[in-house]
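**Student:** Structure below; questions to follow.
The values are calculated or read from the model by the stated rules, or taken from the named source; none is laboratory data. From a predicted model like this one, the values you see are computed outputs, not experimental measurements. As a convention, Cβ positions derive from the backbone with ideal geometry for all residues, glycine included, and neighbour counts pool all protein chains shown.
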Amino acid sequence: MKFEYTEVFNFKGAFRGMRNAHNSWDKSDSYRGYSKFVLGDKDKGLAQRLIKAGTDHSKFMRQIMICVDITAPLYWWKEFDTYKVGTVANSTSTMHKLSDTPITIDCFEIDNDFPTDDIMNKKILSVINDCEALRREFIKTKNKAYWELLIKLLPESWLQKRTVTLNYQVVRSMRKARKNHKLDEWSIDFMNWIDTLPYSEELIKFDDIKRSN
């Protein structure tokens, strides 16, 4: 699983809008630095009070936007797709591009730490080789039946890349719901990526961390 090309933007607009309710723009102490947005103590304090008050009060979090390329297995994407509000994703096409390149073990999420024996390794390779054989038969014969069978038999561990946009409030909700998930892709990979986001601890993880200590 990979996270690439992460971009975070509109901090300035989100924090300006955060102060609209009380016309308190003059109290804002955040600014755009040479290479990044710098969150001031006063703005941070107000933001954290609004976060503690609940999602209705912390609407500014929805205006801090993230764009990222995520490469993840289909079984992970199925769970990600439960988050329909505040997210948009454009994916690489399994439908149109599956037959274009050889199907190898690198096309799948195979955990190197997973305890496998010779029988399990043979089963894994057998499934991959069967998929590749169907792909080759489709290329050679142009018989759609081979392609349809390949689509139907493709394992859930198939890696798909999507360019995703979401926001800090959505990510905060996802973190709370998934941080103890039994899939490492959630509890480790996704959580580690969240840690790389600007002001993750002050905004996304705030209050949740304080309660756990």
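**Student:** Would you confirm, using the coordinates I've provided, whether GLU148 is assigned by TED's automatic domain parsing to the domain that holds LYS59 and either assigned to a helix (DSSP H, G or I) or within 30 Å of SER35 (Cα to Cα) (or both)?
**Tutor:** Considered against the rule, which asks whether it is assigned by TED's automatic domain parsing to the domain that holds LYS59 and either assigned to a helix (DSSP H, G or I) or within 30 Å of SER35 (Cα to Cα) (or both), GLU148 comes out as no.
**Student:** ASP111 is checked against (1) acidic (Asp, Glu); (2) over 16 Å from LYS2 (Cβ atoms); (3) in a loop (DSSP other than H, G, I, E, B) and fails just one. What number does that condition carry?
**Tutor:** Condition (2) is where ASP111 drops out.
**Student:** Moving on. Restricting to segment 39-92, count the residues that are in contact with a Ser or Thr (Cβ under 6 Å, 6 or more places away or on another chain) and over 22 Å from MET1 (Cα atoms).
**Tutor:** 5
**Student:** Of all residues being closer than 30 Å to LEU159 by Cα and of a type in the set (D, E, K, R) in segment 1-58, which is surrounded by the most Cβ atoms within 10 Å (Cβ to Cβ)? Just the residue, please. Walk me through it before giving the result.
**Tutor:** Residues of segment 1-58 that are closer than 30 Å to LEU159 by Cα, as a first pass: 1-9.
Now narrow it down to the ones that are of a type in the set (D, E, K, R): 2, 4, 7.
Numbers: LYS2: 12, GLU4: 10, GLU7: 10.
The residue in question is LYS2.
Results for (1) assigned by TED's automatic domain parsing to the domain that holds ASP189; (2) among the hydrophobic types (A, V, I, L, M, F, W, C); (3) in contact (Cβ under 8 Å) with a residue 12 or more places away in the chain, shown as yes or no for each residue.
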| site | (1), (2), (3) |
| --- | --- |
| PHE11 | yes, yes, yes |
| LYS27 | yes, no, yes |
| GLY33 | yes, no, no |
| PHE37 | yes, yes, yes |
| LEU46 | yes, yes, yes |
| LYS52 | yes, no, yes |
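**Student:** Restricting the first residue to segment 194-213 and requiring it to be part of a loop (DSSP other than H, G, I, E, B) and modelled with pLDDT under 95, which pairs with a second residue that is surrounded by 11 or more Cβ atoms within 10 Å (Cβ to Cβ) and charged (D, E, K, R) meet a Cβ separation below 6 Å and a spacing of at least six or different chains?
**Tutor:** Every condition considered, the pairs that remain are ASP207/LYS52.
**Student:** Restricting to segment 25-52, count the residues that are part of a loop (DSSP other than H, G, I, E, B) and at pLDDT 95 or above.
**Tutor:** 5
**Student:** So, one more: Residue by residue through segment 117-153, note down the ones that are within 14 Å of THR101 (Cα to Cα) and of a type in the set (Val, Ile, Thr). Walk me through it before giving the result.
**Tutor:** Filtering segment 117-153 down to residues within 14 Å of THR101 (Cα to Cα) leaves 128-129, 131-140, 147, 150.
Once the filter is applied, which keeps residues that are within 14 Å of THR101 (Cα to Cα) and of a type in the set (Val, Ile, Thr), segment 117-153 yields ILE128, ILE139.
**Student:** Let me ask something additional. Does SER187 qualify as being among the small types (Gly, Ala, Ser) and more than 21 Å from THR55 (Cα to Cα)?
**Tutor:** Taking the combined requirement at face value, the residue satisfies it.
**Student:** What number of residues within segment 152-171 satisfy the criterion of being in a strand (DSSP E or B) and of a type in the set (Val, Ile, Thr)?
**Tutor:** 3
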